[in-house]
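**Student:** Before I ask anything, here is the structure I am working with.
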Amino acid sequence: MNIRGLGRCKHWVYLTRNYLSPHVVILLYHRIVELSSDPQWLSVSPQHFAEHLQVIRSRYPVISLRSLVERMALGNLPRRAVVVTFDDGYADNFYVAKTLLEQHDVPATVFVTAGFVGKSEEFWWDDLDRILLRPGTLPAIIQLSVDGEEYQQNLGAVSEYSIDSYKMHQHWTVLSPDSPTERQIAYRQLCQLVYPLSADRRQDVQHQLWQQIGSGSIGRDTHRVMNPEEVAQLAASGLIEVGAHTMSHLSLSAQSIAVQRLEIQQSKARLEEIVGQPVTSFAYPFGSPSDYTADTVDLVQEAGFQLACSNFGGVVTRQSDRFQLPRVLVRNWDGDEFERRLREWLA
């Protein structure tokens, strides 16, 4: 028998129960900076980030990542709370994000790629942006050899990339449905090629590119990772925790167990040397379920970490695995859009 209105009643009960149940959203940021080109769409402008923090502070309880895990263990998970995290360890986390976090009294955890601390090299996805998507002249044909396999891309007319062409496509990202020129096609293809490689093989690809274009390994100051002094000051602020993000930012599932162990353990040791205190939080590079395995999770625990963050959507509940905490990726939304999405995540 169909009772009129029963379906709506059940739906209301479900929504109310979900609304009242303890659950927390962990936000994932990368950069707080204005960039003229951001093909991975990782940056949030300082203005928008300030708006995000205002929304968080005025609407929801805010807790640290460490406090979240402690409360999970006690069975005292807060209801509809927010945690802020950053991945990679870009210098703007120290110079811009830290200031805004302190102004709004919002705690955060910054997961730092330890092997890049103090180095001038850019992450490979930024290096490909620097080489392929900026104005200038490149060889008409890019040729690479990776593990005996040959890669070739004919840039055609856009081997000479004018400032006007750059401005026309500077807001393109890998999330765009198309690739307007051979430069964007090459960027997509090389990202897929480099993504699963080991650190040595990845560096070999970059060296081949540098040789062909007559460039070096010196990156842009706007795209560097923090130096040791900046990492130490970040951790000493009292509001921000430094966590580990491996040494080389590899897709761990594509690496051997021995390589994974070194990447995880050495990043912890390196950062502890820099900050002078235990580093107990970890984040899997890239962080999708395909970027790490059950063995990886075991290695993280073996190294002495107390928690680990992933990069797949969802909220933290009492049943969540503290070594596979879900996070939601934040884009460069204004305050209104961010608030709307936050309501959806915490509904």
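**Student:** Contour minus end-to-end for residue 134 and residue 201, with contour as 0.36 nm per residue of separation and end-to-end as the Cα-Cα distance? Walk me through the intermediate numbers first.
**Tutor:** Numbers: separation 67, 0.36 × 67 = 24.12 nm, distance 2.44 nm.
Gain in length upon complete extension: 21.7 nm.
**Student:** Rank-order 109-115, 251-257, 316-322, 79-85 by packing density, defined as the average count of other C-beta atoms within 10 Å over each peptide's residues, highest first. Kindly include the intermediate steps, with their values, before the conclusion.
**Tutor:** On the way: 109-115: 26.6, 251-257: 17.1, 316-322: 15.0, 79-85: 22.0.
Highest-to-lowest ranking by the protection proxy: 109-115, 79-85, 251-257, 316-322.
**Student:** While we're looking at this one, here's another question. Under the 0.36 nm per residue contour assumption, what length would be gained going from the current alpha-carbon distance of residue 154 and residue 119 to full extension? Could the numbers behind the result be given before it?
**Tutor:** Working: separation 35, 0.36 × 35 = 12.60 nm, distance 3.21 nm.
Once the chain is fully extended between residue 154 and residue 119, it gains 9.4 nm.
**Student:** To the nearest 20 debye, what charge dipole does the stretch 41-200 have about its Cα centre, counting +1 at the Cβ of each Lys and Arg and -1 at the Cβ of each Asp and Glu?
**Tutor:** Values: 13 positive and 20 negative charges, 197 e Å.
In total the dipole reaches around 940 debye.
**Student:** Could you please state, rounded to a whole Å, how far the C-alpha centre of the stretch 97-162 is from the C-alpha centre of the stretch 219-282?
**Tutor:** When both Cα centres are located, 19 Å separates them.
**Student:** Ordering 95, 166 from largest to smallest accessible area (1.4 angstrom probe), what's the sequence? Before the final figure, lay out the partial values.
**Tutor:** On the way: 95 125, 166 25 Å².
Per-residue accessible area, sorted high to low, gives 95, 166.
**Student:** In the stretch 100-245, with Lys and Arg counted as +1 and Asp and Glu as -1 at Cβ, which of these residues, 109, 237, 161, has the Cα nearest the positive end of the dipole, that is, farthest along it?
**Tutor:** Going by the charge dipole, the pick is 161.
**Student:** How tilted is helix 65-74 with respect to the longest principal axis of the chain? Cα atoms for both, answer in degrees (0 to 90, nearest 10).
**Tutor:** 40
**Student:** Which of these, 327, 59, 261, has the largest mean-square fluctuation under a Gaussian network model of the chain (Cα springs below 10 Å)?
**Tutor:** Maximum fluctuation in the GNM of the chain, among the listed residues, is at 59.
**Student:** Can you tell me which of 203-215, 282-294 comes out highest on packing, and rank the rest after it, using the mean Cβ neighbours within 10 Å? List each step's numbers first, then the result.
**Tutor:** Details: 203-215: 15.2, 282-294: 19.0.
By packing density, highest mean first, the sequence is 282-294, 203-215.
**Student:** Please work out the FRET efficiency for the pair residue 321 and residue 262, using the Cβ-Cβ distance as r and a Förster radius of 22 Å; give the result to the nearest 0.05.
**Tutor:** On the way: r = 24 Å, r/R0 = 1.09.
Here the calculated transfer efficiency is 0.35.
**Student:** Right, here's the next one. Please name which of 329, 77, 173 has its Cα lying farthest along the dipole of the chain towards the positive end, using unit charges on Cβ (Lys, Arg +1; Asp, Glu -1) and the Cα centre as origin.
**Tutor:** Ranked along the dipole, the leading option is 77.
**Student:** Summarise the accessible area of the chain (1.4 Å probe, protein heavy atoms) by the percent that is carbon and sulfur.
**Tutor:** Of all accessible area on the chain, carbon and sulfur atoms account for 50 percent.
**Student:** Right, another one. Using the Cα centre of the chain as the reference point, and only Cβ charges (+1 on K/R, -1 on D/E), how large is the resulting charge dipole? Debye, rounded to the nearest 20. Don't skip to the end; give the middle numbers.
**Tutor:** On the way: 32 positive and 40 negative charges, 366 e Å.
In total the dipole reaches around 1760 debye.
**Student:** Could you sort 167, 268 by their accessible area in this structure, using a 1.4 Å probe and putting the largest first?
**Tutor:** On the way: 167 120, 268 30 Å².
From most exposed to least exposed: 167, 268.
**Student:** Could you give the length gained on full extension between residue 141 and residue 334, defined as 0.36 nm per residue of separation minus the Cα-Cα distance, in nm?
**Tutor:** Values: separation 193, 0.36 × 193 = 69.48 nm, distance 4.04 nm.
Computed gain between residue 141 and residue 334 is 65.4 nm.
**Student:** Using a Gaussian network model of the chain with C-alpha springs under 10 Å, which one of 78, 177, 228 is most mobile by mean-square fluctuation?
**Tutor:** The residue that fluctuates most here is 177.
**Student:** Now a separate question. Report the residue, chosen from 39, 135, 326, that carries the largest GNM mean-square fluctuation when the chain is represented by alpha-carbon nodes joined by springs under 10 Å.
**Tutor:** Comparing 39, 135, 326 in the GNM, the peak value goes to 135.
**Student:** What residue among 316, 305, 293 has its Cα farthest toward the positive end of the dipole of the stretch 289-330, where the charges are +1 on Lys, Arg and -1 on Asp, Glu, each on the Cβ?
**Tutor:** Going by the charge dipole, the pick is 316.
**Student:** Sticking with this structure for a sec: Which value, to two decimals, describes the C-alpha radius of gyration of the stretch 231-314 once divided by 2.2 N^0.38 Å? Mind dumping the intermediate values first?
**Tutor:** Working: Rg = 12.6 Å, N = 84, 2.2 N^0.38 = 11.8 Å.
Here the answer is 1.06, to two decimals.
**Student:** Provide the FRET efficiency to the nearest 0.05 for the residue 105-residue 221 pair, computing r from the beta carbons and using R0 = 25 Å.
**Tutor:** Working: r = 30 Å, r/R0 = 1.18.
About 0.25, to the nearest 0.05.
**Student:** Taking only protein heavy atoms and a 1.4 Å probe, what accessible area per residue, in Å², does the chain have with all protein chains in place?
**Tutor:** Numbers: 15710 Å² over 347 residues.
That works out to 45 Å² for each residue.
**Student:** If I take all pairs of Cα atoms in the stretch 51-99, what percentage of them are more than 16 Å from each other?
**Tutor:** Details: 611 of 1176 pairs.
The share of Cα pairs beyond 16 Å in the stretch 51-99 comes to 52 percent.
**Student:** Let me make sure I get this right: for the stretch 272-347, a, b and c are the square roots of the gyration tensor eigenvalues over alpha carbons, sorted descending. Under 1.5 in a/c it's rounded, otherwise prolate if a/b > b/c, else oblate. Which is it?
**Tutor:** Values: a/c = 2.26, a/b = 1.68, b/c = 1.35.
Because a/c hits 1.5 or more and a/b exceeds b/c, the stretch 272-347 counts as prolate.
**Student:** How far is helix 182-194 tilted off the main Cα axis of the chain, in degrees rounded to 10, range 0 to 90?
**Tutor:** Result, in degrees: 70.
**Student:** Turning to a different aspect of this structure: Once amide H atoms are built 1.01 Å from N in the peptide plane, which residues 5 or more positions from residue 248, or in another chain, come under 5 Å H to H?
**Tutor:** Correct list: 115.
**Student:** Still on this model: Here are several values of Cα extents along the principal axes in Å: [x] 67, 52, 44; [y] 72, 49, 42; [z] 95, 53, 35. Which one was derived from the coordinates shown?
**Tutor:** [x]
**Student:** Can you tell me the 0 to 90 degree angle between the C-alpha axis of helix 199-213 and the longest principal axis of the chain, rounded to 10?
**Tutor:** Compared with the principal axis, the helix lies near 40 degrees.
**Student:** Using label points projected 7 Å from each Cα along Cα→Cβ, tell me how many nm separate residue 236 and residue 165, to one decimal.
**Tutor:** 4.9
The values are calculated or read from the model by the stated rules, or taken from the named source; none is laboratory data. As the structure is a computational prediction, the values presented were derived from the model and not from experiment. FYI the Cβ positions are ideal-geometry reconstructions off the backbone, even for glycines, and counts take in every protein chain you see. What goes into the accessible areas is simple: the full protein's heavy atoms, side chains included, and nothing from ligands, DNA or RNA. Shrake-Rupley method; radii C 1.70, N 1.55, O 1.52, S 1.80 Å.
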